[in-house]
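Structure first, then comments.
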Amino acid sequence: MKDLDRKIRVGIPRALLFYKFSDLWITFFEHLGAEVIISPETTKQIKNVAVSLAPDEDCYSTKLYFGHAMALKDKVDYLFIPRFGGRKKKYVGCPKFIGLAEVLRSMIPDLPEILMPHYNRGMDKHTRIGLLVRAFRLAKIFRKNPFVRISAINKAFKAQRFHNKSLIIDEETLQKWENSEVILNDFPIYNENEKQLKIALVGHSYVLNDPFSSLNIRSLLQGYGVDIITSEQIPRKLIEKQMAKLDYDIYFDFEREILGTIMHFIESKTVDGIIHLLIFSCGPDSIAGEIAARLSKRNPTIPLLQLVFDELTGEAGMRTRIEAFVDMLRRSIDEKVIFHITQVRI
Amino acid sequence: MIDSREKYFLGVDVGSISTNLAVIDNSKELIESVYIRTDGKPVNSVQKGIKMMRDQLGEDLVISGAGSTGSARKLTGVLIGADIVKNEITAHALASLHYNPDVQTVMEIGGQDSKIIIIRNGIVVDFAMNTVCAAGTGSFLDMQANRLEIPIEKFGELALQSDNAVSIAGRCTVFAESDMIHKQQLGHPTKDIIKGLCEALGRNYLSNVGKGKDIRPPIMFQGGVAANIGMKETFEKYLEQEIIVPEHYDVMGAIGSAILAQEDAIKRSKKSNFQSWDISEMDFQTSGFECDGCSNICEIVEIRRNDTLIARWGSRCRKWDLID
């Protein structure tokens, strides 16, 4: 334990898995009495630092992680960069995320001490109990009292369960959304005499929820009067059901969610279109992207727009594509359709 | 030709290389068009285009609706007072459908953009644009014509004279150019090299923009590059289909934009926003600055007409938006 009068400051970069596990991590550290400092939302400055620093071959989102880590560098006592391999025995997350902490440490020697607990369910020794033991040990830096440490772990997992429960909808809610009874995200801004469009916005959590790297696509769609659902919200059961239909088992956990969502909507035909956000040069994305494109071609009723983002992406070209896609969907709708606007938000 | 009871609509398409204007009547027939180079100065070229249009049609002609499209559509929309600002894909598709209601594929190659639009039963069902690479677009052909000292208008004709195309790498314009220089140094005649270039660019288009697209006839080929009959022949060779180059291939975007303005006029109750034919006499100033409000350091652009601020954009937040 550091001998300080003030709270120990733990920095968490607002990038990659932060967008999935923020509640787990923040609750854990705060309950241990630490001050959690999160890097600001991605800005041009963060991007510029990131791109100049990160290895060329990393994907755009991983590059941004470097910028976020640098934004915290002089403000914290510890950086929390977990080495997360995956939560399922059979599937992996992204191998880049496992190495991230070590890469950062070797590239930027004067970083604060990095807390890098390793968890990879795919490895034999990494059982669920093992995860708790690791968290327990990590907590010792902050508090010696074992009861406080156990309670912090409990609270953290509870917070994460709550997060997942409020994010991931059940099948009944999905059906309500498909029937235009509820709104799941921001209220679309409708123009007069325009039919409400429904689009599934599909991609990694760290792309969907970072307005900078996705060029503000969510508010852009909101402005076009589009009601969205994201791949993060889709019931896990439906995703697994879709995955079982493939002749092969998709090995990348995050990609299962993405592909499963696309397959669900191609099959159910309950949206007007699907927008698939891909990150250059993400390996799993390029595989899922190709599979999605082929499935969509075989079953072309629901149009699919695939957009690839990186630090060189021109905003003008992206906007043109998104606008043209929305126009295409609007113009293809039967003019006689009754204008129905959903009023309820959950 | 000009009927005072008729309604007229203006469409302006400002792209990276050319600025096109079209005026249509209520039955979507083209009355007059203007095709000029943007020369990197969109404001000037819009003013010049409007002036030319006014000179051809007379300033008494009333515009009942105006639209803008192309990569400079937002700026153009502010300059002319457009009622509708829409992307090029929608504009091109509408124009093609007007000239050929059965069209199933539209290939458009402009100055720096190339696109493909797939249409079924009169509805756009799929499209693609070139992403980070401008290989095979008009500006490259233009550059090579310049280098070979052949007027770009003659490019296509010359390609047709060759019956022995040399193979040229079409993946990347930089490599294509070194390949062309190499072939020249080996002594290949210019016409064979040009034909080889057309074929390389055609292959590039089909394998990049057209990749995975269901290209079915009737196929329309438009945009500035459609003037090049060498390219048309290349597409006919690779697709084994007849390629239709519409009569007004070079101003299809502007026609589409005018059609959008006409559609919009039906829905709109207000009068058109269209400035007036005097746009060319007005003084437009654009200026820019970097906002230091946050670490996004947005580049803000301001447009002034006769010293009055008429538009401002570029910020990620809404801080600098003008409120009507």
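The values are calculated or read from the model by the stated rules, or taken from the named source; none is laboratory data. Quantities reported herein were computed from a predicted structural model and do not represent experimental measurements. Note: ideal-geometry Cβ built from the backbone for every residue, glycine included; neighbour counts use all protein chains shown.
Can you name the condition, by its number, that B:Cys294 falls short on among (1) in the same structural domain as B:Glu59 (by TED's automatic domain parsing); (2) out of contact with any strand residue (DSSP E or B) (no Cβ under 8 Å at 6 or more places or on another chain)? In the conditions (1) in the same structural domain as B:Glu59 (by TED's automatic domain parsing); (2) out of contact with any strand residue (DSSP E or B) (no Cβ under 8 Å at 6 or more places or on another chain), B:Cys294 misses (1) alone. Listed residues A:Asn185, A:Asn154; which is among the polar types (S, T, N, Q) and in a loop (DSSP other than H, G, I, E, B)? Among A:Asn185, A:Asn154, only A:Asn185 is among the polar types (S, T, N, Q) and in a loop (DSSP other than H, G, I, E, B).
What about A:Gly86, is it over 27 Å from B:Ile297 (Cα atoms), surrounded by fewer than 17 Cβ atoms within 10 Å (Cβ to Cβ) and either in contact (Cβ under 8 Å) with a residue 40 or more places away in the chain or in contact with a helix residue (DSSP H, G or I) (Cβ under 6 Å, 6 or more places away or on another chain) (or both)? Walk me through how you get there before you give the answer.
Values: over 27 Å from B:Ile297 (Cα atoms): yes; surrounded by fewer than 17 Cβ atoms within 10 Å (Cβ to Cβ): no; either in contact (Cβ under 8 Å) with a residue 40 or more places away in the chain or in contact with a helix residue (DSSP H, G or I) (Cβ under 6 Å, 6 or more places away or on another chain) (or both): yes.
Criteria not met by A:Gly86.
When the residues of the stretch B:64-77 are narrowed to those that are of a type in the set (A, V, I, L, M) and surrounded by fewer than 24 Cβ atoms within 10 Å (Cβ to Cβ), which ends up nearest to the other protein chains (Cβ to nearest Cβ)? So that I can check it myself, show each step before the final result.
As a first pass, look at the stretch B:64-77 and keep what is of a type in the set (A, V, I, L, M): B:66, B:72, B:75.
Adding the requirement that they be surrounded by fewer than 24 Cβ atoms within 10 Å (Cβ to Cβ) leaves B:72, B:75.
Details: B:Ala72: 9, B:Leu75: 11 Å.
Out of the qualifying residues, it is B:Ala72.
Here's the yes/no breakdown for (1) surrounded by fewer than 22 Cβ atoms within 10 Å (Cβ to Cβ); (2) part of a helix (DSSP H, G or I):
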{"residue": "B:Met180", "(1), (2)": "no, yes"}
{"residue": "B:Gln184", "(1), (2)": "yes, yes"}
{"residue": "B:His188", "(1), (2)": "yes, no"}
{"residue": "B:Ala200", "(1), (2)": "no, yes"}
{"residue": "B:Ala226", "(1), (2)": "no, yes"}
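Listed conditions (1) without any contact (Cβ under 8 Å) to a residue 60 or more places away in the chain; (2) polar (S, T, N, Q); (3) surrounded by fewer than 16 Cβ atoms within 10 Å (Cβ to Cβ) are all met by B:Thr286, apart from (1). Would you be able to say whether some residue in the stretch A:202-217 is assigned to a loop (DSSP other than H, G, I, E, B) and either over 19 Å from the mean Cα position of the chain (by Cα) or assigned by TED's automatic domain parsing to the domain that holds A:Leu16 (or both)? Taking every residue of the stretch A:202-217 in turn, none turns out to be assigned to a loop (DSSP other than H, G, I, E, B) and either over 19 Å from the mean Cα position of the chain (by Cα) or assigned by TED's automatic domain parsing to the domain that holds A:Leu16 (or both). Looking at A:Thr230, A:Thr270, A:Thr261, which one is among the polar types (S, T, N, Q), within 14 Å of A:Ala292 (Cα to Cα) and assigned by TED's automatic domain parsing to the domain that holds A:Ala293? Criteria check complete, one pass: A:Thr261.
Could you list, in sequence order, all residues of the stretch A:245-266 that are β-branched (Val, Ile, Thr) and either part of a loop (DSSP other than H, G, I, E, B) or buried (at least 24 other Cβ atoms within 10 Å of the Cβ) (or both)?
Going through the stretch A:245-266, the residues β-branched (Val, Ile, Thr) turn out to be A:250, A:258, A:261-262, A:266.
Those that are β-branched (Val, Ile, Thr) and either part of a loop (DSSP other than H, G, I, E, B) or buried (at least 24 other Cβ atoms within 10 Å of the Cβ) (or both): A:Ile250, A:Ile258, A:Thr261, A:Ile262.
Can you spot a residue in the stretch B:127-138 that is out of contact with any strand residue (DSSP E or B) (no Cβ under 6 Å at 6 or more places or on another chain) and at pLDDT 80 or above? Steps first, answer last, please.
Of all residues in the stretch B:127-138, those out of contact with any strand residue (DSSP E or B) (no Cβ under 6 Å at 6 or more places or on another chain) come to B:131-136, B:138.
Now narrow it down to the ones that are at pLDDT 80 or above: B:138.
There is at least one residue in the stretch B:127-138 that is out of contact with any strand residue (DSSP E or B) (no Cβ under 6 Å at 6 or more places or on another chain) and at pLDDT 80 or above.
Condition first: without any contact (Cβ under 8 Å) to a residue 40 or more places away in the chain, of a type outside the set (A, V, I, L, M, F, W, C) and touching an Asp or Glu at 6+ places or on another chain (Cβ under 8 Å). Now tell me which residues in the stretch A:1-50 satisfy that. Hits for the stretch A:1-50 are A:Arg6, A:Lys7.
Which residues, counting only those in the stretch A:111-139, are in contact (Cβ under 8 Å) with a residue 40 or more places away in the chain and outside any helix (DSSP H, G or I)? If you could, list the steps in order and put the result at the bottom.
From the stretch A:111-139, those in contact (Cβ under 8 Å) with a residue 40 or more places away in the chain are A:111-112, A:115, A:126, A:135, A:139; that's our starting set.
Passing the criteria: A:Leu111, A:Pro112, A:Leu115, A:His126.
Out of all the residues in the stretch B:209-217, is one or more more than 14 Å from every other protein chain (Cβ to nearest Cβ), surrounded by fewer than 16 Cβ atoms within 10 Å (Cβ to Cβ) and not in a loop (DSSP other than H, G, I, E, B)? Reasoning before the result, please.
Filtering the stretch B:209-217 down to residues more than 14 Å from every other protein chain (Cβ to nearest Cβ) leaves B:217.
Keeping just the survivors that are surrounded by fewer than 16 Cβ atoms within 10 Å (Cβ to Cβ) gives B:217.
If we keep only those that are not in a loop (DSSP other than H, G, I, E, B) as well, we get none.
No, the stretch B:209-217 has no match at all.
Is at least one residue of the stretch A:159-171 at positive phi, away from chain B (no Cβ under 14 Å), surrounded by fewer than 18 Cβ atoms within 10 Å (Cβ to Cβ) and assigned to a loop (DSSP other than H, G, I, E, B)? Outline the logic, then answer.
Our first condition is that a residue be at positive phi; within the stretch A:159-171, this holds for none.
No, the stretch A:159-171 contains no residue that is at positive phi, away from chain B (no Cβ under 14 Å), surrounded by fewer than 18 Cβ atoms within 10 Å (Cβ to Cβ) and assigned to a loop (DSSP other than H, G, I, E, B).
I'd like to know if the stretch B:310-317 contains one or more residues that are over 19 Å from B:Ala66 (Cα atoms), part of a loop (DSSP other than H, G, I, E, B) and not small (Gly, Ala, Ser). Full working, then the answer.
Step one: list which residues in the stretch B:310-317 are over 19 Å from B:Ala66 (Cα atoms), which gives B:312-317.
Filter once more, so that each one left must be part of a loop (DSSP other than H, G, I, E, B): B:314-317.
Still in the running and not small (Gly, Ala, Ser): B:316-317.
The answer is yes; a qualifying residue exists.
Only one entry of A:Lys7, A:Lys89, A:Lys44 meets the criterion of being among the charged types (D, E, K, R) and within 29 Å of B:Asp292 (Cα to Cα), and that entry is A:Lys44.
Checking A:Lys176, A:Lys155, A:Lys195, A:Lys96 one by one, the residue that is touching a His at 6+ places or on another chain (Cβ under 6 Å) and surrounded by 14 or more Cβ atoms within 10 Å (Cβ to Cβ) is A:Lys155 and no other. Pairs meeting the criteria (first residue in the stretch A:311-323 and at the interface with chain B (Cβ under 8 Å from one of its Cβ atoms), second residue crowded, with 19+ Cβ neighbours inside 10 Å and outside any helix (DSSP H, G or I), beta carbons under 6 Å, at least 6 apart or on different chains) are A:Thr320/B:Asn87; A:Glu323/B:Asn87. Residues of the stretch A:21-53 that are more than 12 Å from chain B (Cβ to nearest Cβ), closer than 22 Å to A:Asp285 by Cβ and buried (at least 22 other Cβ atoms within 10 Å of the Cβ): A:Ala50 alone.
Criterion applied to A:Gln222, A:Gln242 was being in contact with a Pro (Cβ under 6 Å, 6 or more places away or on another chain), buried (at least 17 other Cβ atoms within 10 Å of the Cβ) and without any contact (Cβ under 8 Å) to a residue 40 or more places away in the chain, and the one residue passing it is A:Gln222.
Which of the residues belonging to the stretch A:255-267 are touching a residue at least 60 places away in the same chain (Cβ under 8 Å) and out of contact with any helix residue (DSSP H, G or I) (no Cβ under 7 Å at 6 or more places or on another chain)?
We begin by selecting, within the stretch A:255-267, every residue touching a residue at least 60 places away in the same chain (Cβ under 8 Å); these are A:256, A:261-262, A:265.
Answer for the stretch A:255-267, where residues must be touching a residue at least 60 places away in the same chain (Cβ under 8 Å) and out of contact with any helix residue (DSSP H, G or I) (no Cβ under 7 Å at 6 or more places or on another chain): just A:Phe265.
I'd like to check something: does the stretch A:223-232 contain any residue that is within 29 Å of A:Tyr78 (Cα to Cα), part of a loop (DSSP other than H, G, I, E, B), touching a strand residue (DSSP E or B) at 6+ places or on another chain (Cβ under 8 Å) and at pLDDT 90 or above? Scanning the stretch A:223-232, I find no residue that is within 29 Å of A:Tyr78 (Cα to Cα), part of a loop (DSSP other than H, G, I, E, B), touching a strand residue (DSSP E or B) at 6+ places or on another chain (Cβ under 8 Å) and at pLDDT 90 or above, so the answer is no. Of B:Ile266, B:Ile259, all but one fail to be buried (at least 21 other Cβ atoms within 10 Å of the Cβ), among the β-branched types (Val, Ile, Thr) and not assigned by TED's automatic domain parsing to the domain that holds B:Ala165; the exception is B:Ile259.
If you check B:Val251, B:Val174 for being surrounded by fewer than 19 Cβ atoms within 10 Å (Cβ to Cβ) and outside any loop (DSSP other than H, G, I, E, B), only one passes: B:Val174. Comparison of A:Ile287, A:Ile341, A:Ile302, A:Ile291 shows that the only residue that is of a type in the set (Val, Ile, Thr), assigned to a loop (DSSP other than H, G, I, E, B) and modelled with pLDDT of 90 or more is A:Ile302.
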